Structures are given as structure tokens and as C-alpha cells.
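Have a look at the structure below before the remarks.
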Amino acid sequence: MDRAHDRNQIRQLHLLRDERDRELLTAAQSRAGNAVLRVSQLLAAICLLRGEPVWTALLSLTFVNAAAQCFHQFRCDRERAYLLLGLAAGAVALGLCSVFLIKGEAALTMGRLVAFGVLYYMLRALAGLLFVGVLLAMFWIAHRVGHLDGEQWEAYFQSVSTVGLLLRGGCILLLALGMVTALSWPLFSLLGFPTPGRLALIFFVAAGGHLVRAFSDQREELISKLLRLKS
């Protein structure tokens with residue numbers, strides 16, 4: 001794979017961001033956050049009119065957003081007023097969530113939410129370990145079956161574009177996440193969680209979103225390492 005073509009492909013896909021890309025990303029994230037906030041407020045009003053307790057959870061997102069903005073302002077300016085406003089907004093958000101938990105279904109308890117949170121982080125870590133294990137296993141199989149030596153491995157990495165290497169790594173990571181999700185379903189059922197299938201789906205979506213964000217934040221460093229590997 002020609003290095004100039006490889007770098008040009010990376011630039012066309014905006015995998016390496018410049019200052020303009022970062023500004024556009026910040027603006028897009030701000031607009032997306034505002035859109036989610038407005039939709040949550042509209043849904044909260046609809047649920048309130050219907051008498052459904054979930055309106056408190058939806059409305060709490062408004063105060064979570066306000067608290068996050070105030071804490072950010074406090075971190076930048078160190079003005080006490082922002083800290084107090086952030087704490088007040090956070091307290092309101094916590095109160096609204098507490099009301100939702102109290103008025104919600106009996107199956108939705110704080111203890112189960114905490115347990116799900118702990119399992120989520122443990123399963124996500126397991127997915128990362130499984131990704132490393134599957135990757136190493138594939139290298140070992142290629143070495144044992146294909147009898148690849150150092151020069152053959154180097155030729156392979158030179159023949160595949162950086163984007164191709166990223167796609168292969170993403171497929172392996174998706175496989176690892178799918179395997180852990182399949183494991184989480186009977187695990188949730190065994191531990192007595194309601195609707196274990198839905199919880200497994202929530203885990204898959206949430207963990208997948210986390211991995212996408214992690215890649216977006218660190219992709220420049222990863223791509224730089226891959227380019228050094230191919231040089």
C-alpha cells in the first residue's frame with residue numbers, strides 16, 4: 001500500500017482532525033445536546049399530561065445539563081457562584097430522579113440500578129480483555145497454520161491500508177462485545193434482573209457507544225502508531 005495514498009485516504013475520511021474539524025465537532029456536539037434537551041423537555045411535558053411518572057426522569061436531564069454547564073464555568077473561571085448554581089441544579093436533578101425511582105415500578109430499585117452499573121463496568125472491561133485475547137489468538141493461529149515469520153508479517157501490514165487495519169480491529173472488537181453481550185443475557189437472568197434481554201441490549205448499545213467515543217478521542221494517537229508500524 002503506497003504511503004501517500006494511505007495518508008490521503010485517512011485525510012479524506014477525516015480520521016486525523018485539524019483545528020477546523022475540532023471546531024465543527026464542538027459545534028455539532030453543542031447542537032446535538034440542545035436538540036436532545038428540547039426533545040426531553042417535550043417528552044416530559046407529554047408524560048406529565050398523561051400522568052406518567054417518567055416525566056420526572058426526563059425533566060432531570062434539563063437540570064443535569066445546567067449543572068454540567070455551571071461546573072464547567074466554575075472550572076474555567078473559579079467563580080463561586082457557578083459552583084453553587086451547579087450544586088443546586090444537581091440537587092434538583094437528583095431529587096427528580098429519586099421521585100421517579102420511588103414512584104416507578106417495584107422492579108426498578110436503587111439496589112438493582114447500582115448492581116447493573118457495577119455489572120456494566122465489569123462486562124465492559126471483560127469485552128476489552130476478550131478483544132485482546134481474540135486478537136492474540138488470531139496472531140497465534142496465523143503463525144501456527146500459515147507459518148508467518150517477521151518479514152511476512154511486515155509485508156502483510158504494508159499491504160493493508162491503515163483504514164483497513166482499523167476496520168479489522170473494529171470487527172474483532174465488535175465480535176468481542178457481541179460475545180460478552182450474549183453472556184450477559186443469562187447472567188442478568190440468573191441474578192434475578194427483570195427483562196434480561198432488554199438489559200443485554202442496553203449494555204450492547206451503551207458499551208458500543210463508549211467504545212466509539214473512546215476511539216474518536218484517541219484516534220489520532222492510534223493512527224500515528226499504525227503509520228509508524230507501516231513505515
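Points to keep in mind about this one:
- Residues being in contact with a Phe, Trp or Tyr (Cβ under 7 Å, 6 or more places away or on another chain) and either open to solvent by less than 50 Å² (accessible area, probe 1.4 Å) or not hydroxyl-bearing (Ser, Thr, Tyr) (or both) - total across the range 25-83: 11
- Tally, over the range 42-95, of residues that are within 25 Å of Gln29 (Cβ to Cβ) and among the charged types (D, E, K, R): 4
- Residue in the range 175-185 that is assigned to a loop (DSSP other than H, G, I, E, B), without any contact (Cβ under 8 Å) to a residue 24 or more places away in the chain and farther than 19 Å from Leu226 by Cα present: no
- Test: residue in the range 25-40 that is within 22 Å of Thr162 (Cβ to Cβ), in the same structural domain as Ala88 (by the TED database) and either at pLDDT below 80 or within 21 Å of the chain's Cα centre (by Cα) (or both): yes
- Test result for Gly51, of a type in the set (Gly, Ala, Ser) and either closer than 30 Å to Thr162 by Cβ or at pLDDT below 80 (or both): yes
- Flag for Cys47 being under 24 Å from Ser98 (Cβ atoms) and not aliphatic (A, V, I, L, M): yes
- Matching entry among Leu166, Leu226, Leu191, Leu222 (being closer than 22 Å to Met138 by Cβ and open to solvent by 50 Å² or more (accessible area, probe 1.4 Å)): Leu222
- Test result for Ala182, among the small types (Gly, Ala, Ser) and within 25 Å of Met138 (Cβ to Cβ): yes
- Just one residue in the set Arg112, Arg124, Arg144 is at pLDDT 80 or above, assigned to a helix (DSSP H, G or I) and among the charged types (D, E, K, R); that residue is Arg124.
- Extreme residue, nearest to Phe116 (Cα to Cα), among residues of the range 194-210 that are open to solvent by 50 Å² or more (accessible area, probe 1.4 Å) and part of a helix (DSSP H, G or I): Ile202
The values are calculated or read from the model by the stated rules, or taken from the named source; none is laboratory data. Every value quoted in this text rests on a predicted model; they were computed, and no experiment measured them. Using ideal geometry, Cβ is built from the backbone for each residue, glycine included, and neighbour counts are taken over all protein chains shown. Just the protein is used for accessible areas: all its heavy atoms, side chains included, with ligands, DNA and RNA removed. Shrake-Rupley method; radii C 1.70, N 1.55, O 1.52, S 1.80 Å.
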